[in-house]
Amino acid sequence: MAWLTGLVVSAVITTAVGVWVTNAIQQESGEQKNSADAPEISVDPGAGEAGQPFEVTGSAFAPGEKVELYWPGGAAEDIILGTDTADAEGNVSFSPTVPDSAEVRAEPYMLFAQYNDGANRAQRAFMVGEWDSQEDEGESAPALSLAPGNGSPGSLTTLTATGFTPGELIDVYWYSNRYDEAGGGWYGEWLQMNTETVLVDETGGFSLTLQVPAESDPGYPYAESIVAAGSDGQDYAETSYSVYGE
């Protein structure tokens, strides 16, 4: 493969292209976004194929609460991957497998762990397919950062990436949360943020200026996820952004 080098992409994206919807999550209250005691989960590995086992660990859940881990069902019901009771420190762990119904697609799936009927939850993206989010020998793991890391809908933020494969083509997705007034619950949509495929430069990085989706509801109590994924199924990484009101 001939690598195209020396290019850093920087563009303002004002229109999101492509929408993927997950089921609404009932939520009336929750921890504050970016709060030190907000529930969090991590996934290892963060990618895999149908039937592959993986590990999920969580922290800052309420001690003694039953926490349920779900795989988004799309138009169907969400799939419960397991339950665990938070220990005295608020930690949980799960050892699920990727559902047989999971399909390889460009955008991630959003796993979520919740308790209190969804009033308190944590979420994490998962890519289906042969993706690489791990650190290879002699190389850095793919990573993303946003500056600033919070703002209001319509504001701008710069996404900076490192550790990707030089010459790789990248798509960027934003998991935008909003409240369903009719259904009385929160739900999320994956929005594709780049109108043209982004090219990784010779150092393994790229930069992209993003506009926070106008659809994102500042009332959502947790940070939103942003994922950069290779269009040829090589690398991916995830970061987060907190949406506030004006």
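Annotations
- Those strands (runs of 3 or more DSSP E) of the stretch 127-230 in which 2 or more residues are under 16 Å from the mean Cα position of the chain (by Cα) and either closer than 30 Å to E77 by Cα or among the charged types (D, E, K, R) (or both) occupy 169-180, 185-192, 224-230.
- Considering E196, E189, the condition of being more than 24 Å from V128 (Cβ to Cβ) and of a type in the set (D, E, K, R) is satisfied by E196 alone.
- Residues that are part of a loop (DSSP other than H, G, I, E, B) and under 28 Å from G185 (Cα atoms) were ranked within the stretch 231-246; the one that is modelled with the lowest pLDDT is E246.
- Among the residues of the stretch 205-233, those that are surrounded by fewer than 19 Cβ atoms within 10 Å (Cβ to Cβ) and among the small types (G, A, S) comprise G205, S207, A214, G219, S231, G233.
- Scanning the stretch 226-238 for residues that are closer than 18 Å to F112 by Cα, among the small types (G, A, S), touching a residue at least 12 places away in the same chain (Cβ under 8 Å) and in contact with a strand residue (DSSP E or B) (Cβ under 7 Å, 6 or more places away or on another chain) turns up at least one hit.
- Among (1) modelled with pLDDT of 95 or more; (2) over 22 Å from D44 (Cβ atoms), the one test that G183 misses: (1)
- Set Y187, Y236, Y173, Y179: member being aromatic (F, W, Y) and surrounded by fewer than 16 Cβ atoms within 10 Å (Cβ to Cβ): Y179
- Residue in the stretch 146-163 that is surrounded by fewer than 21 Cβ atoms within 10 Å (Cβ to Cβ), under 30 Å from N91 (Cα atoms) and modelled with pLDDT under 85 present: no
- When the criteria are applied in full, E89 fails the requirement of being touching a helix residue (DSSP H, G or I) at 6+ places or on another chain (Cβ under 9 Å), on the phi < 0 side of the Ramachandran plot and either surrounded by fewer than 14 Cβ atoms within 10 Å (Cβ to Cβ) or not aromatic (F, W, Y) (or both).
- Among the residues of this structure, E168 counts as one that is modelled with pLDDT under 95, of a type in the set (D, E), on the phi < 0 side of the Ramachandran plot and surrounded by 22 or more Cβ atoms within 10 Å (Cβ to Cβ).
The values are calculated or read from the model by the stated rules, or taken from the named source; none is laboratory data. Computed from a predicted structure; not experimentally measured. Because the Cβ atoms are built from the backbone with ideal geometry, glycine has one as well, and the counts that use them run over all protein chains shown.
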